[in-house]
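The values are calculated or read from the model by the stated rules, or taken from the named source; none is laboratory data. Since we're looking at a predicted model, the values are computed, not measured. Heads up, the Cβs are rebuilt from the backbone with ideal geometry, glycines too, and the neighbour counts pull from every protein chain shown. These area figures cover heavy atoms from the full protein model, side chains too; ligands, DNA and RNA do not enter into them. Shrake-Rupley method; radii C 1.70, N 1.55, O 1.52, S 1.80 Å.
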Amino acid sequence: MVIRQGVHDARLTLARQPLTCQLVMDAPGDLDLVNAPAVAGAYDELRDRAQVRPQWQTLNDYLRRLGARGMGLRYEQARRLIRENGVTYNVYGDAHGLDRPWQLDPLPLMLSAAEWDGLARGIAQRARLVETVIADAYGTQRLLKEGGLDPALLFAHPAFLRACHGIQPPGGRWLHFYAADLVRGTDGAWRVLADRTQAPAGAGYALENRIVLSRALSDGYRQCGVQRLAGFFIAMRRTLSVLASRLKTRQDNPRIVLLTPGPYNETYFEHAYLARYLGYTLVEGGDLTVRDDQVFLKTLGGLHRVDVILRRLDDDFCDPLELRNDSTLGVAGLAAAARAGNVVIANALGSGIGENAALMPSLPRLCRLLFNEDLTLPAVETLWGGDAAGRLRERFDDLVIRPAFGSVRAPARRGGELDGEERERMLMRLNTLPHTLVGQVAQAPSITPVWSEGTFATRSLVLRVFAVASDDGGYCVMPGGLARIANENQPWAVSFQRGGGSKDTWVLADGPVAPVTLLRPSGAPVEFKRGGSDLPSRVADNLYWLGRYGARAEDAARVLRAALTRLAGDQEVGTDQGLQTALRVLKHQGVLSKPASDSATLEAQLLDLLFSEAISFSLRSVVGRLHYAAFSSRDRLSYDTWRIINHLDQDLSPDVKPERAIDALPLLDRLVLDLAAFAGMTTENTTRGPGWRFLDLGRRLERATFTAELVRGALVPRVDETALDAVLEIADSAITYRARYLLSLQVPPVVDLLLCDSTNPRSMAFQFERIADHVAALPRAPQALPTPAERLALGAYTWVRLVDPQELSREDETGERSHLAHVLDHLSSDLTLLSDTVTTQYLSHATTTRQPSVGPE
């Protein structure tokens, strides 16, 4: 008899002992220890009878040599790598939102080669079986006609897409990717908790876990002889490429895209990560269009045909025309393109019926019927109300009750835990609509050791294993997986949405580990490429705003730094002309409408402009929008660039908010340096393609707009040398000015330096010159005349080069420089019109302003 709580308490006691006593645990069900009976007992009895499992032995020896301090250092290294790489998981409703760091335990889950071989065969067989059932459901429906499958399992399930019946996917493959959630029982056997057939998530996280942990525990990783994961992803690429070659309208160089719901999806990081790793284009539904039953990618250079869509979007969201008319995430006409055989969709539309929990009890019988084989990897005992309503009613209190046709992620509770009203409602549903409910035995998840707060503890574990279709009709199983562990406060709820974490899964090799890589062989021929115009318009839009927000954040930081530096001095607020100049700039920008006259209130106002999330134009809000734009195009950004963006978020985290102006200055110095580093990365480390042009175009438009506002707010009124010094500091042009004019501060040379001097990278002339270069190089229709954007950019550049700084600096009878104000107003209007023109011409699809190239390239 198993007494769960007693063993659990003893297990926790054992887990809190020094490092040398560890890693005797990796348990089936309630049992952590090899050859120790599952009985409640004291720590001494368990410790004396415990033995280290063979697969743990090498790692256990390595960790014993490492010691607790070394383990702690490796844990911090892993956390730092995750943070710098920007690995996130969006927990809906969490305060951290898109920024919740991925949780990785530094101890891997260890599986022997023998145990894994049996598990892999079971996964491959189960994937093949589920695919056969799906193919029959959308094909001949022989199982229904011959009584092998209850019609309610199909026709009552909302995931059965009637619009997809009769579709024959290229190559006859419905289930290109399969995953299963596994738990290990008290007998040591693995069982399936849920099948994942729609858009299985987690393979990218498993790969990132492996990369991080193989670095953090590099010596232990090499000593253990762990099987590599790259072979699985090589098989994935090969499968999709082979299927693309079987299309009716195939291309020599097939275009494969990864379709994501967008950055608000919980696993968006994985979508961007896999797209980069596999070399695919990351797209959203708005990036694709269907013409003549063919799918095209909308790019700056026109339309390019898409051959394969690796989707991370649920079935019914994929096509608002035939499947779900309220979906804004899919592609209208996608089902028709699939029906015509012009595109491979992986997994095929309609494959979600394979996640039907009510199907689980029938799979052993179907395996014998279809393959004449016994199902080697069974599921957790499951009862479907459609054929076992009586047993489901008898065992109601002991089973986990959930909807039969809902999402596999739908909340489920043990029948005995339901309160009175909810219990009565569920029992009434069982009596009237029994086919809509299933009950599963409450399988206690496996227990595994974890590193927590400087020592070892235990957590519940669920293992997700992945398989990809192979050329021979079978499946290739990833030698590893995504091990998920429970939150400490919810030991039986293994869910990322409830704060759970993850583990890497190390499958040991029974011989030398062969090096496997996605890189080309050194002698393989390579097709040379330069640039390209196949940048999706959405990505160009994100990069454009990334450039704008980067420049906006830097300019705001410089203005606030100039204001706070002078506020921290010993002059009165009203007498410091440098401070008043900075405040006029903020007021002219519309950022600070009424600056306070006393220093304490003004200090609070400026600190709010730095940190307040409630103010949409605060520096924190601008950096937040910068982060979102970067996150939405992160497959286009280098790891170093992403690290800088993460540093910006950390600099402005709420827990570092200073209370005094003088304490905010070091923070602003760091922000300016990080933003300068970001600008340097985009300037020196970005290939000069369309993406870089839009990023830099956004930056130049924003910088020109700010410079106009700076000069308008600071130099149009009468100013003294103190104000001019503040202007040069904000514009980062003080050294250039003093090198030319020594100590003499006058308005005309400042106006010349900031408006007309094309050699100054902060001047408006410099920005307009770069803007003109960028818009001239963008894709355009074959015509002799300049585009509207080119006309505006060239006109503004010519005007700013021809104006006379001396004339602009003359004061009128009111003491203001009205001519300068007029020129700045005109240039600001041109900048607004130029931004709108670029957006309309390239970043939206309201009009067609360039010649589309409908074809392979």
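Of note:
- Dividing the mean sequence gap of close Cα pairs (under 8 Å, 6+ apart) by how many residues the stretch 381-442 holds gives a relative contact order of 53 percent.
- Cβ-placed point charges (K, R +1; D, E -1), dipole of the stretch 535-685 about Cα centre in debye, nearest 20: 540 debye
- Straightening the chain between Lys587 and Leu665 buys 26.0 nm, computed as 0.36 nm per residue apart minus the Cα-Cα spacing.
- The chain - mean residue ellipticity at 222 nm from DSSP helices (-39,500 (n - 2.57) per run, n ≥ 4, rounded to 500): -14000 deg cm²/dmol
- Dipole magnitude (debye, nearest 20) for the chain, charges at Cβ of Lys, Arg, Asp, Glu: 2260 debye
- Averaging 1/r across all pairs of distinct Cα atoms in the stretch 381-442 and inverting the result yields a Kirkwood radius of 11.2 Å.
- Ranked by the mean number of other Cβ atoms within 10 Å of their residues, highest first, the peptides 191-204, 255-268, 693-706 come out as 693-706, 191-204, 255-268.
- Projected label points at Arg80 and Asp732, each 7 Å from Cα along the beta carbon direction, are separated by 2.7 nanometres.
- Those GluC sites (Glu not before Pro) in the stretch 802-834 that DSSP places in a loop and that have at most 16 other beta carbons within 10 Å: Glu811, Glu813, Glu816
- Only Lys, Arg, Asp and Glu carry charge here, each on its Cβ (+1 for the first two, -1 for the last two); on that basis the stretch 753-836 has a dipole of about 440 debye about its Cα centre.
- Nearest-ten-degree value, helix 788-802 long axis tilted from longest Cα axis of the chain: 40 degrees
- Convex hull volume per residue, computed on the Cα atoms of the stretch 668-790, equals 127 Å³.
- Excluding same-chain neighbours fewer than eight residues apart, the aspartates and glutamates reachable from Lys145 by a Cα-Cα span under 19 Å are Glu131, Asp136, Asp387.
- Prolate/oblate/rounded label for the stretch 250-356 (Cα gyration tensor, a/c 1.5): rounded
- Cα lying deepest toward the dipole's positive end in the chain, options Gly285, Asn372, Ser327, charges on Cβ: Asn372
- Which of Lys657, Lys587, Lys298 is most accessible, then next, and so on - probe 1.4 Å: Lys587, Lys657, Lys298
- Separation of the stretch 801-817 from the stretch 686-738 is 19 Å, based on Cα centroids.
- Selection from Ser818, Ala78, Gln294, by position along the positive dipole direction of the chain (Cβ): Gln294
- Sorting the segments 422-432, 151-161 by their residues' average number of neighbouring beta-carbon atoms within 10 angstrom, most packed first, yields 151-161, 422-432.
- Residue (of Gly698, Ala708, Leu665) at the positive-pole extreme of the stretch 661-730, dipole from beta-carbon charges: Gly698
- The share of accessible area on the stretch 687-849 that comes from carbon and sulfur is 53 percent, using a 1.4 angstrom probe.
- Normalised by the number of residues in the chain, the average gap of Cα pairs under 8 Å and 6 or more apart makes the relative contact order 14 percent.
- Computed across the stretch 535-685, the Kirkwood hydrodynamic radius from all distinct Cα-Cα pairs reaches 16.1 Å.
- Over the stretch 708-791, Cα pairs under 8 Å with separation of 6+ residues give a relative contact order of 18 percent.
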